[in-house]
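These notes are about the structure you will find just below.
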There are 2 protein chains.
Amino acid sequence: MSKVITDMAISLDGFAAGPRQSLDKPFGEGIFERLLQWRFDEPEKHAEVLERITDAGAFIMGRNMFGPGRGEWDLDWTGWWGADPPYHGPVFVLTHHPRASIPMEGGTTFHFVTDGIDSALTQAREAAGDRDVSITGGAHTVNQYLAAGHIDEMRLHIAPIVVGKGERLLAGVGDPKLTPVEVTGTELVTHVTYRVG
Amino acid sequence: MSKVITDMAISLDGFAAGPRQSLDKPFGEGIFERLLQWRFDEPEKHAEVLERITDAGAFIMGRNMFGPGRGEWDLDWTGWWGADPPYHGPVFVLTHHPRASIPMEGGTTFHFVTDGIDSALTQAREAAGDRDVSITGGAHTVNQYLAAGHIDEMRLHIAPIVVGKGERLLAGVGDPKLTPVEVTGTELVTHVTYRVG
């Protein structure tokens, strides 16, 4: 059955991004390389994990994950990922500012949803059919979906770093019922999959 | 070689205790049973983990872990653990208020250290000989030792709960070098051992 899943890379102290996110530093200061060192240094060890991250029929992301802009759209901006983003399917971007959909190469299309997380989820489920819907981030977006009880499976990729400040996963999510169902890792990361609810 | 180790039970969002710790609720409100459910419900599955928690030659704890009192000592208070505490060795309690040592049954003796964490560690190392020194908690005490670079191994026992507020492990510890070296778990807890430094 189709699930709503999320994959989040976080620091051991729970941050998904550092402070002061920007065009040059989409994950904020001093965190990107360290949070994802396992992806850069030993991708072959995490091949299955990495494959699952984009194995969904539709995706939802917050506007801050789509780009560094705020307010009215810069229509030249089409995401961080170049001409052929890794999603290869519909991506619903949560925003307060309407914008026409953007078809990209390789099957990715960015749609912009201005009427909230429930609407985005309804549209993503419809688009995904039998496949999973992935809440791709950032932390604030995942926290909203967790708080609303919409997430079925949360896969954390915990880097062994302490960041101290930034955007925190699991903030303001209430008291979700979590059950760890799989745990693996290397010296660069600990993967824990939680069943939610 | 003798190591300085710590075992900490924390929530997934990083709390070692909830708010409003008291005599009735030493871990604060609404957290004790949930944080340690794995110890109560399936101790046999965690026999090795539990045995390692008290396998040290000397122990250090903060005063708030020793008891609910603050300020001048209530000399009737000899800890939460009854006549025969589980340490079976010297326990150095960090405090600002001098107090005579308390020998207990089973080999535990509580010593009270008023001149700081370095002094307590020196005394604990001396007492432990070739065995490890365990920083038993609470979070504030462990954070101090982490920040000072004194801890060699940190064993986290991560309960699948979100607490939202309380006393946070890893707060104010700077940027310690951490390497996960062992990860195991059940549906009630994830154990991750980090080499520190």
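A short reminder: the numbers here are calculations on the coordinates, not readings from a lab. As the structure is a prediction and not an experimental result, all values here were calculated from the model. For neighbour counting, all protein chains shown are included, and Cβ atoms are generated from backbone atoms with ideal geometry for every residue, glycine included.
Calculated [222 nm] ellipticity per residue, helices only, for chain B: -5000 deg cm²/dmol; basis is -39500 (n - 2.57) per DSSP H run with n ≥ 4, divided by all residues, nearest 500.
Remark: relative contact order (segment B:96-166) = 16 percent; criterion is Cα-Cα distance under 8 angstrom and separation of 6 or more residues. Residue pairs exceeding 23 angstrom between C-alpha atoms, taken from A:LYS25/A:LYS165; B:LYS3/B:LYS177; B:LYS25/B:LYS165; A:LYS165/B:LYS165; B:LYS3/B:LYS45; A:LYS45/B:LYS3: B:LYS3/B:LYS45; A:LYS45/B:LYS3. Shown for B:GLU126: label points 7 Å from Cα along the beta-carbon vector, and their distances to the equivalent points in the other copies, 7.5 nm in ascending order.
Each of B:ARG131 and A:ASP24 was given a label point 7 Å from its Cα along the Cα-to-Cβ line. The distance between the two points is 5.4 nm.
Remark: relative contact order (chain A) = 31 percent; criterion is Cα-Cα distance under 8 angstrom and separation of 6 or more residues. Out of the GluC sites (Glu not before Pro) in segment B:60-161, which ones are loop residues according to DSSP with at most 14 other C-beta atoms within 10 Å? Listed in order of number, the matching sites are B:GLU72. Of the residues B:GLY172, B:GLY107, B:PRO160, the one whose Cα sits farthest toward the positive end of the charge dipole of chain B, with +1 on the Cβ of Lys and Arg and -1 on the Cβ of Asp and Glu, is B:GLY172.
Taking only the C-alpha atoms of segment A:1-93, the Rg (one decimal) and the largest Cα-Cα distance, Dmax (whole number), read 14.4, 41 Å.
Shortest first, B:GLY82 label-point distances to identical copies amount to 6.5 nm, with the label point at 7 Å from Cα along Cα→Cβ. For segment A:75-133, averaging the sequence separation of C-alpha pairs within contact (under 8 Å, six or more residues apart) and dividing by the residue count gives a relative contact order of 30 percent.
The residue list A:PHE40, A:GLY138, A:PRO98 was ranked by how far each Cα lies along the charge dipole of the protein assembly as shown toward its positive end, using unit charges on Cβ atoms, and A:PRO98 comes out on top. For segment B:1-157, a crude dipole built from +1 on the beta carbon of Lys and Arg and -1 on the beta carbon of Asp and Glu, taken about the Cα centre, is about 320 debye to the nearest 20. Size estimate for segment B:86-164 follows the Kirkwood approach: the inverse of mean 1/r over distinct Cα pairs works out to 14.0 Å. Cα-based radius of gyration for segment B:54-124, normalised by 2.2 N^0.38 Å, reads 1.01.
Taking every residue in A:179-190 and counting other chain Cβ atoms within 10 Å of its Cβ, the average works out to 4. Quarter the surface of the alpha carbon convex hull of chain B and you get the mean projected area, 10.7 square nanometres. What the Cα convex hull of segment B:143-197 gives, in volume per residue, is 77 Å³.
Measuring spread by the Cα atoms of the protein assembly as shown yields a radius of gyration and Dmax of 23.6, 75 Å.
The other copies place their A:GLU182 label points at 2.4 nm from this one, listed shortest first, where each point is 7 Å from Cα along Cα→Cβ.
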